[in-house]
Amino acid sequence: MPVRAAGAESGRGIPKSPSEAMEELEHTCPQPRLTLTAPAPFADETSCQCQAPHEKLTIAQARLGTPVDRPVRVYADGIFDLFHAGHARALMQAKTLFPNSYLLVGVCSDDLTHKFKGFTVMNETERYEALRHCRYVDEVIRDAPWTLTPEFLEKHKIDFVAHDDIPYSSAGSDDVYKHIKEAGMFVPTQRTEGISTSDIITRIVRDYDVYARRNLQRGYTAKELNVSFINEKKYRFQNQVDKMKEKVKNVEEKSKEFVYKVEEKSHDLIQKWEEKSREFIGNFLELFGPDGAWHPMAQEAPCLQRAWLTDPARAQLERRGVLRQKQMFQERSGRMLQAFSPRQSPNSSPTRGRSPSRSPSPPWVINKTSPPSSPKAASASLSSMSEGDEDEK
């Protein structure tokens, strides 16, 4: 947007006073980033060339969203070595302090950092690039001063400075932000506990051997790691021991898994065997038990008693059938017992040489029947029984 210089003439050709001309100047300050498709620019590439006056704001005014014609320019500085979540969270707080904020981040150079704080892990170029790719940063100022001067604040048109409220003693001062706090331009942020650059370096130093072995495994040489010959051999030997431990651990886990599977299968087999054994015993008892099928006479006795009292001839026929059925069941049971019993020699076999004998008639048939009503009937029944025995012989 074009800017009218001081002393410019109006449309009627009447020159304006410098105060009136300054009031008509519009702010051309850079606006906050709306897209994140590119990294944040450096300050020397896109510096604020706005000629409009930057009136001094209070924190209360800035939180209300004024001024409406320009963003509130917030500055945060630091070393930002080993950029981590604590740094990002501090920048997020600085970015969201006011409704419309433009966040400038100053990064100190290696010379200043090594002089006042100590050596860094990352060089200044790496630290600059880390800040440029943070989503909350709108502009990066390279080679930022260690102590903020009025000239620096005026050059970058800074409204407020954001930092944690802990006094930062350095460069011969108890608090480098003391004059900023007195000017009412300081806005405190909260530190993130449990994470800092010093903490990360402490972890690496504490577990130096672990990380040295790790990098040796990843292909770094002992010279690159500044490791002596003896320590290199020691680390490599420890790596081999760890590999063997890992293999043994894997074998133990696989063996435990195999044993568990075998136990499961054996349990299933035992359970099936028990079910089959119960089924076999049940069938055996159904066949050879006291109420089993091999006791036909016991099952047919009441029928024979009733038949003997009513019809002697019919009873004789039923008796013959029962005897045949009994003989068949005896033969079958004998074959089954012989099949289940251990094999014996032909000479010691108890069944060899034994002649089949006729099964005696059950005594309860004669004992439990009532006497015939007449002598003729008794003699007839005895004769019929003798004929039946001769037929069976």
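Given a 1.4 Å probe and the protein chains all in place, what does the accessible area of Thr46 round to, in Å² to the nearest 10?
40
Ignoring ligands, DNA and RNA, what percent of the accessible area of the range 196-292 is carbon or sulfur (1.4 Å)? Walk me through the numbers before you get to the answer.
Working: 4840 of 8410 Å².
The value for the range 196-292 is 58 percent carbon and sulfur by accessible area.
For the pairs Lys56/Lys155; Lys95/Lys115; Lys234/Lys256; Lys56/Lys95, flag any whose C-alpha to C-alpha distance is greater than 26 Å. Kindly include the intermediate steps, with their values, before the conclusion.
Working: Lys56/Lys155 14 Å; Lys95/Lys115 29 Å; Lys234/Lys256 33 Å; Lys56/Lys95 19 Å.
Exceeds cut-off: Lys95/Lys115; Lys234/Lys256.
Quick one: if the Förster radius is 30 Å, what FRET efficiency do Asp207 and Thr35 give, using the C-beta to C-beta distance and rounding to 0.05? Please report the intermediate quantities before stating the final value.
Working: r = 41 Å, r/R0 = 1.37.
The computed FRET efficiency comes out at 0.15.
I want to check the label-to-label distance for Glu286 and Lys249. Put each point 7 Å from Cα in the C-beta direction and report it in nm to one decimal.
5.8
Leaving out ligands and nucleic acids, and using a 1.4 Å probe, what accessible area per residue does the range 59-194 come to in Å²?
Values: 6640 Å² over 136 residues.
Using a 1.4 Å probe on heavy atoms only, each residue of the range 59-194 averages 49 Å².
Between Thr189 and residues 5 or more places away or on another chain, which pairs have amide H atoms under 5 Å apart, with H built 1.01 Å from N, and which residues are they?
Correct list: His163, Asp164, Asp165.
Roll a 1.4 Å probe over the protein chains and send me the accessible area per residue for the range 196-292 in Å². Could the numbers behind the result be given before it?
Numbers: 8410 Å² over 97 residues.
Accessible area per residue: 87 Å².
Near Val176, within a Cβ-to-Cβ distance under 15 Å, what is the net charge of the other residues, with Lys and Arg +1 and Asp and Glu -1? If you can, show how the numbers build up before the last one.
On the way: positive: Lys115, Lys117, Lys178, Lys181; negative: Asp77, Asp164, Asp165, Asp174, Asp175, Glu182.
Value of the local net charge: -2.
The values are calculated or read from the model by the stated rules, or taken from the named source; none is laboratory data. All of these numbers come straight from a predicted model, not from anything done at the bench. Don't worry about glycine lacking a Cβ; one is built from the backbone with ideal geometry, like all the others, and counts go over all protein chains shown. In case anyone asks, the SASA skips ligands and DNA or RNA and just uses the protein heavy atoms, side chains included. Shrake-Rupley method; radii C 1.70, N 1.55, O 1.52, S 1.80 Å.
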